[in-house]
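A short reminder: the numbers here are calculations on the coordinates, not readings from a lab. In this text the structure is predicted, and so the values were computed from the model without any measurement. In this analysis, Cβ positions are derived from the backbone assuming ideal geometry, glycine residues included, and neighbour counts consider all displayed protein chains.
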Amino acid sequence: MSVSLSSLGSLTLTAANNVSLSIRPPASVATARTITFFEPDADAVIAYIEKSVVAVAAASVTLTTIQSGSLISITKGAGTITITLPSPTSGLEYDFVQAGAVFAQITRIDAGAGLLFGSWINTVGGTLTGATTAGVGARFYNFTAVSVIGDGVRFVSDGTYWYARGMIGVAAGASFT
């Protein structure tokens, strides 16, 4: 198999039997794009994933697999919103960040019942503290009503579970439930 990349960004794959696949970018590219190649069980699968920023403000949202790799920018209002992850699929990943002023809103990231494992830490007053799921699957990672701008968490999946690693700036700024 040969691979060629043109100066205009077109990618061409050519197999031994001269069957080829060409991928070219759109005329206008507003966001970064990644093409990932997998070879499970010798069958080639091509995943085209658009990297972008997903803004979440006052309404609950459900993320899609095509949004994998995106930064989820949360600007808070009042009340509680839920961001629902897709079913665990190997290689999916999302980065979440509190990007707006806090107005007593709780943001829940829903990984599915019992499918979330992970931890978060903070360094309030120079002391390192945090929490973990302690080996018990949770459903939600919560940015609490006292979380602050810059608090963040990264979710990755192995195809069975979701794993979260967070960093927060205030005590009690996050929780697992």
(request) Would you work out if segment 52-176 is rounded, prolate or oblate? Take a ≥ b ≥ c from the square roots of the eigenvalues of the alpha-carbon gyration tensor; rounded if a/c is under 1.5, else prolate when a/b is larger than b/c, oblate otherwise. (result) oblate
(message) Give me the net charge for the shell around residue 142: Cβ to Cβ below 13 angstrom, other residues only, Lys and Arg +1, Asp and Glu -1.
(response) +1
(request) For every other residue with a beta carbon closer than 15 angstrom to the beta carbon of residue 165, add +1 if it is Lys or Arg and -1 if Asp or Glu, then tell me the sum. (result) -3
(message) Relative contact order for segment 52-176: what percent, with Cα pairs under 8 Å and sequence separation of 6 or more?
(response) 25 percent
(request) Using only the alpha-carbon atoms of segment 119-164, report the extent along each of the three principal axes, biggest first, to the nearest angstrom. (result) 37, 21, 16
